[in-house]
Amino acid sequence: MSFTKLTTEQLNRLDINVFRESIKLPLVVVLDNLRSQHNTGSIFRTADAFRIEAIHLCGITAIPPAREIHKTALGATESVQWKYFETTMESVLQLKNEGYIIVGIEQTDKSSMIGDFKAETDKKYAIILGNEVHGISEEVLVLCDLCIEIPQYGTKHSLNVSVSAAIMIWEFFRQTGYLLDG
């Protein structure tokens with residue numbers, strides 16, 4: 001069997017203007033003090049791929065335009081809506097006021113495994129991804145409605161934040177993304 005890569009035209013991707021006007025997955029990704037611009041750029045690219053609503057960049061998380069974000073985002077900072085908040089608390093409190101369910105992606109004493117989570121199609125969600133070293137700050141963690149953890153079976157206790165973001169965004173899309181068609 002041989003394979004031929006699809007051309008850009010065959011992939012039928014949306015242009016930026018159509019993307020901005022299209023229906024979005026009701027999911028906001030909140031970045032709680034990320035250090036790495038590469039991680040931020042990678043999350044932008046994943047957010048574009050699954051057409052999420054927005055990204056909230058908080059605290060020390062770099063904002064576009066930034067050279068290192070641009071390297072990994074490959075233009076997604078132009079398509080994905082984003083907003084900067086001085087603190088993650090500001091972002092989370094705004095999202096709570098707007099009716100979002102706040103989901104921490106963190107290993108806690110009460111976290112649920114990703115496989116046990118069921119997204120409700122009539123709800124809006126915000127997932128919080130924490131700092132690469134310290135995770136989600138304690139002051140933000142107490143505002144979460146629930147925490148989800150991704151099971152791991154190796155010697156390390158965490159995944160790269162951009163990998164965790166991709167897994168979680170995919171899971172929300174897998175469970176509710178069919179709504180984008182209608």
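The values are calculated or read from the model by the stated rules, or taken from the named source; none is laboratory data. None of these values were measured; they are calculated from a predicted model. Glycine gets a Cβ as well: all are built from the backbone with ideal geometry, and neighbour counts include every protein chain shown. Protein only, heavy atoms only, side chains kept; ligands, DNA and RNA dropped before computing areas. Shrake-Rupley method; radii C 1.70, N 1.55, O 1.52, S 1.80 Å.
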Filtered residues of the range 137-173 (kept if β-branched (V, I, T) and touching a helix residue (DSSP H, G or I) at 6+ places or on another chain (Cβ under 8 Å)): V140, I148, I150, V161, I167, I169
Residues that are at pLDDT 95 or above, closer than 24 Å to T72 by Cβ and open to solvent by 20 Å² or more (accessible area, probe 1.4 Å), drawn from the range 153-172: L159, N160, V163, A166, I167, W170, E171
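So that you can scan it fast, the table gives a plain yes or no per residue for (1) touching a Leu at 6+ places or on another chain (Cβ under 7 Å); (2) basic (K, R); (3) surrounded by 16 or more Cβ atoms within 10 Å (Cβ to Cβ); (4) part of a loop (DSSP other than H, G, I, E, B):
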| site | (1), (2), (3), (4) |
| --- | --- |
| N39 | no, no, yes, no |
| D48 | no, no, yes, no |
| P65 | no, no, no, yes |
| T77 | no, no, yes, no |
| G104 | yes, no, yes, no |
| D109 | no, no, no, yes |
| A126 | yes, no, yes, no |
| V133 | no, no, no, yes |
| E139 | no, no, no, no |
Subset of the range 79-102 that is among the hydrophobic types (A, V, I, L, M, F, W, C) and over 17 Å from N33 (Cβ atoms) - its residue that is surrounded by the fewest Cβ atoms within 10 Å (Cβ to Cβ): I101
Residue within the range 160-173 that is of a type outside the set (V, I, T), farther than 15 Å from H56 by Cα and in a loop (DSSP other than H, G, I, E, B) present: yes
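Kindly check whether there is at least one residue in the range 16-27 that is more than 21 Å from E106 (Cα to Cα), in a loop (DSSP other than H, G, I, E, B) and aromatic (F, W, Y). Show your work before the answer.
Filtering the range 16-27 for residues more than 21 Å from E106 (Cα to Cα) gives 16-25.
Filter once more, so that each one left must be in a loop (DSSP other than H, G, I, E, B): 22-24.
Then drop every residue that is not aromatic (F, W, Y), which leaves none.
No.
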Selected residue (criterion: farthest from K124 (Cα to Cα)) from residues of the range 141-152 that are open to solvent by less than 70 Å² (accessible area, probe 1.4 Å) and not aliphatic (A, V, I, L, M): Q152
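Out of the range 111-124, which residues are among the small types (G, A, S) and either assigned to a loop (DSSP other than H, G, I, E, B) or exposed (fewer than 11 other Cβ atoms within 10 Å of the Cβ) (or both)? Walk me through it before giving the result.
Kept after step one, since they are among the small types (G, A, S), are these residues of the range 111-124: 111-112, 115, 119.
Across the range 111-124, the qualifying residues are S111, G115, A119.
Can T72 be described as in contact with a Lys or Arg (Cβ under 8 Å, 6 or more places away or on another chain) and among the hydroxyl-bearing types (S, T, Y)?
Details: in contact with a Lys or Arg (Cβ under 8 Å, 6 or more places away or on another chain): yes; among the hydroxyl-bearing types (S, T, Y): yes.
Considered against the rule, which asks whether it is in contact with a Lys or Arg (Cβ under 8 Å, 6 or more places away or on another chain) and among the hydroxyl-bearing types (S, T, Y), T72 comes out as yes.
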Filter result for I148 (assigned to a strand (DSSP E or B), under 21 Å from M89 (Cβ atoms), touching a strand residue (DSSP E or B) at 6+ places or on another chain (Cβ under 9 Å) and without any contact (Cβ under 8 Å) to a residue 60 or more places away in the chain): yes
